[in-house]
Amino acid sequence: MEIRPGSVKQARLESGLSLGQVARNDISRTAIYFVETGKAKPSIETLRLIAERTNKPLDFFLGQAEAISADPTSALAEIERLIATGDPAAAVEAGERMVAAATDARTVAHARVHLSLAHIRLGHHVRARGHASAARAFFEEANDILMAAEAMGNEAGAAGLMQDPGAVGLAEEALALCRSLTPVPSMTEARLLFILGAAYGGRHEWTKAIQVLEESVAIGNSIQDLRQLSMVYGNLSLNYQELGQFAQAARYAHRALAIHETLRDKRMLAISENNLALLLFMQGDLANAFRHGERSLALFDDLGQETEKAHTLMTLAELELARSNHEEAERYAIGARDVAERMGETVNVAEARAWIGRIADAQGAAGVADTEFEAAFRLFELVNSSERKSRNRAIYAEILERRGDLAGANRQLKLALAALGTTASPVVDARTAPA
């Protein structure tokens, strides 16, 4: 094998051993000397013995490509360990090195599966999806159903975070592949149920999301890693919150928060703090909502990460608007818009512009409000986000009604209901009796 020049002699001297002590009875002293001086190349078996006797890891003697070729299983396990222990940045570095150095296509595909998950944890959704898609293509061609399901699950997870409506279909297909195996691998099934639940939540199908997320907990409660379990709890909290079931939402929110604090996972802690801020606001606890919202923002700032930061900025805009601090509310909403634009989060750009419109209306700037809402509707149309468009048209209808523009309010309400496939009823001025 090709080894790093001088590495065997360095290892021997650092361990305080003579040539004979390294050679013992199964390698000649001459062979060790020739390896040290570069006159001979050791076999992998000989190199393993030298590593064991000098108490050095195998990759101490090897270049990057040789180390991966010699022990790809250990290299993959190290990437997986880095992800599990909350160091996705290091996992990406190790994974990229492996993809560049490995010569075996299967090893590269396995590395891409780990890379896609690490990129998801870092918020690099486009890169994550690219790696997952490439891995899935290989495993489908190789008829490796389990790994194809794993790769497709990561692809679905990245698609969901990119607000792609196709995420649900990918997650459902990955789950079906997993369940076609006998026996069904429980850990993979639990993870894919979580991904599917998150995708349903992204489409605002709250009941479906809760059903599959609770199924994920039931199947994988004893086998899921804590980081994944915390994300399941966080998603359950959000979905129960959307259904107005605040007691259940709070229970799961605190469970998620406790795990994130235990793991010291700043990114997920930031997300959970924001979720809890929204929950407390809905329950009327504005002071504590602010405390958790500001902590979420501080965590994002400390991380230097902008993916998902727009959600926290919009939460703080909503809280400031609730206490009529219009300038602060506007600052947070504009910040959310700018962050979302930089990250390519079109739906969040639209939501932020709708918040800017609501704040402008509260400030008496009707023209600005109209412009911002129309821009938001165009963006919602662009990404085919019917539910969000409908909800914001209903909000705009209320604004127009308060201005006394009943015709405009009725038009917006009809458009809101049409987006959901229902029939509109006219807005009635409360000062007049219906005919």
- Message: Can you go through Ala198, Ala171, Ala190 and tell me which one is open to solvent by 20 Å² or more (accessible area, probe 1.4 Å) and among the aliphatic types (A, V, I, L, M)?
- Response: Ala198
- For region 385-399, what are the residues that are aliphatic (A, V, I, L, M) and open to solvent by 10 Å² or more (accessible area, probe 1.4 Å)? Ala394, Ile395
- Message: Can you list residue pairs whose Cβ atoms sit under 8 Å apart, with the first residue in region 183-209 being within 10 Å of Ile219 (Cα to Cα) and the second being in a helix (DSSP H, G or I) and basic (Lys, Arg)? Count only pairs 6 or more apart in sequence or on different chains.
- Response: Glu189/Arg179
- Message: Restricting to region 243-265, count the residues that are in contact (Cβ under 8 Å) with a residue 40 or more places away in the chain and open to solvent by 40 Å² or more (accessible area, probe 1.4 Å).
- Response: 2
- Task: Filter region 320-349 down to the residues that are within 24 Å of the chain's Cα centre (by Cα), at pLDDT 95 or above and of a type in the set (Gly, Ala, Ser), then identify the one that is surrounded by the fewest Cβ atoms within 10 Å (Cβ to Cβ).
- Result: Gly335
- Can you run down the residue pairs with Cβ atoms below 8 Å, 6 or more apart or on separate chains, where the first is in region 391-403 and without any contact (Cβ under 8 Å) to a residue 24 or more places away in the chain and the partner is assigned to a helix (DSSP H, G or I)? Ala394/Gln412; Ala394/Leu413; Ala394/Ala416; Glu398/Ala409; Leu400/Leu406; Leu400/Gly408; Leu400/Ala409; Leu400/Gln412
- Taking region 288-306 and keeping residues of a type outside the set (Asp, Glu), closer than 16 Å to Arg342 by Cα and either in contact with a Phe, Trp or Tyr (Cβ under 9 Å, 6 or more places away or on another chain) or in a helix (DSSP H, G or I) (or both) leaves Phe300
- Determine if region 188-200 includes at least one residue that is at pLDDT below 95, of a type in the set (S, T, N, Q) and farther than 30 Å from Ser386 by Cβ. yes
- Note on the structure: Within region 34-59, residues open to solvent by less than 60 Å² (accessible area, probe 1.4 Å) and among the polar types (S, T, N, Q) come out as Ser43, Thr46, Thr54
- Note on the structure: In region 130-146, anything closer than 20 Å to Leu196 by Cβ and open to solvent by 30 Å² or more (accessible area, probe 1.4 Å) is listed as Ser133, Arg136, Glu140, Ile145, Leu146
- Message: Being in a helix (DSSP H, G or I), at pLDDT 85 or above and farther than 21 Å from Leu161 by Cβ is the filter here; which residues of region 258-287 pass it?
- Response: Ala258, Leu279, Leu280, Phe281, Met282, Leu286, Ala287
- Meets criteria (open to solvent by 20 Å² or more (accessible area, probe 1.4 Å) and more than 27 Å from Leu263 (Cα to Cα)) for Thr85: no
- Query: Is region 268-279 home to any residue that is open to solvent by 50 Å² or more (accessible area, probe 1.4 Å) and under 24 Å from Leu193 (Cβ atoms)?
  - Reply: no
- Query: Are any of the residues in region 408-421 buried (at least 23 other Cβ atoms within 10 Å of the Cβ), farther than 27 Å from Trp206 by Cα and not polar (S, T, N, Q)?
  - Reply: no
- Over region 118-129, the set of residues of a type in the set (Val, Ile, Thr) and open to solvent by less than 40 Å² (accessible area, probe 1.4 Å) is Ile120
- Residue in region 367-376 that is nearest to Ala159 (Cα to Cα), counting only those that are surrounded by fewer than 22 Cβ atoms within 10 Å (Cβ to Cβ) and touching a helix residue (DSSP H, G or I) at 6+ places or on another chain (Cβ under 7 Å): Ala375
- Task: Give the residues of region 16-30 that are part of a helix (DSSP H, G or I) and open to solvent by 40 Å² or more (accessible area, probe 1.4 Å), sorted by residue number.
- Result: Gln21, Arg29, Thr30
- Task: Among the candidates Thr188, Thr182, single out the residue that is at negative phi and assigned to a loop (DSSP other than H, G, I, E, B).
- Result: Thr182
- Query: Any residue at all in region 224-233 that is touching a residue at least 60 places away in the same chain (Cβ under 8 Å) and either not β-branched (Val, Ile, Thr) or not in a loop (DSSP other than H, G, I, E, B) (or both)?
  - Reply: yes
- Task: Only one of these is surrounded by fewer than 21 Cβ atoms within 10 Å (Cβ to Cβ), of a type in the set (Gly, Ala, Ser) and either closer than 26 Å to Val383 by Cα or touching a Gly at 6+ places or on another chain (Cβ under 8 Å) (or both): Gly153, Gly166. Name it.
- Result: Gly166
- Residues in region 280-289: is at least one within 17 Å of Glu320 (Cβ to Cβ), aliphatic (A, V, I, L, M) and either touching a strand residue (DSSP E or B) at 6+ places or on another chain (Cβ under 9 Å) or open to solvent by less than 20 Å² (accessible area, probe 1.4 Å) (or both)? yes
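The values are calculated or read from the model by the stated rules, or taken from the named source; none is laboratory data. Predicted model, so just to flag it, every value in this text is computed and none were measured. Because the Cβ atoms are built from the backbone with ideal geometry, glycine has one as well, and the counts that use them run over all protein chains shown. Each accessible area value is taken on the protein alone, full model and side chains, heavy atoms only, with ligands, DNA and RNA left out. Shrake-Rupley method; radii C 1.70, N 1.55, O 1.52, S 1.80 Å.
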